[in-house]
Each structure stands twice: as structure tokens, then as C-alpha cells.
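Here the structure is laid out as C-alpha cells; the discussion comes afterwards.
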Amino acid sequence: MASKEGDIIRKRAEELGETVSEKSIQLGEELLKKLPPLEGALPDEVKNFMDFQSPYMVIKLGDIHNTSKVIEGEFLDLLAQVESKQQ
């Protein structure tokens, strides 16, 4: 039977292009139960900032990872020029 936490983990994994088995979710839920509560761990300002940022965490448009300036430098420079013209 799926739990709310399991559904959250599965949804986030799907957003990242991964799949999670029911068994790994159950193991993850057991680990989550062992974690101390978050209450008092973060100042309210940090929590508010995290809440404010969370809707934008799914926006991945334009992210470039694992590039090499030597190999892709010319292309990256063109992307930077296009981006600066759009702003």
C-alpha cells in the first residue's frame, strides 16, 4: 500500500527521470521514521525562503551540465550572446 511519503518520493523521482520501486520506497520510509523532526532545525526565514523557492525548483529550462569549454566553448559563447540579447 502506497503512503503519502512514498507518493512524494515517486513523483520527485519521475520529475528527475528516474523510477523507484515499491520496495525501495518502503525502505526509504523506514529511514524517514528514524530522522529527527525538522522543528527547530531551521530558522523561520530559511523555511519561508524554501517555501518561496519551491515552485521554481521544477523549472529546468536552460540548465547546462557537464560541459567542456575546450570542446563546446564556441557553442556556449553563442548561447550566452542569445541569452544576453533576450534580457
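A few notes on this one:
- Looking only at region 7-27, and only at residues there that are modelled with pLDDT of 70 or more and of a type in the set (G, A, S), the one that is surrounded by the most Cβ atoms within 10 Å (Cβ to Cβ): A13
- Residues of region 29-81 classified as touching a helix residue (DSSP H, G or I) at 6+ places or on another chain (Cβ under 8 Å) and either part of a helix (DSSP H, G or I) or of a type in the set (S, T, Y) (or both), total: 5
- Single residue of region 28-75 satisfying the filter (at pLDDT 80 or above and over 30 Å from K11 (Cβ atoms)) that is surrounded by the most Cβ atoms within 10 Å (Cβ to Cβ): E72
- Among the residues making up region 34-87, those that are among the aromatic types (F, W, Y) and under 25 Å from the mean Cα position of the chain (by Cα) are F49, F52, Y56.
The values are calculated or read from the model by the stated rules, or taken from the named source; none is laboratory data. As the structure is a computational prediction, the values presented were derived from the model and not from experiment. Cβ coordinates were reconstructed from backbone atoms using ideal geometry, including for glycine residues, and neighbour counts include every protein chain displayed.
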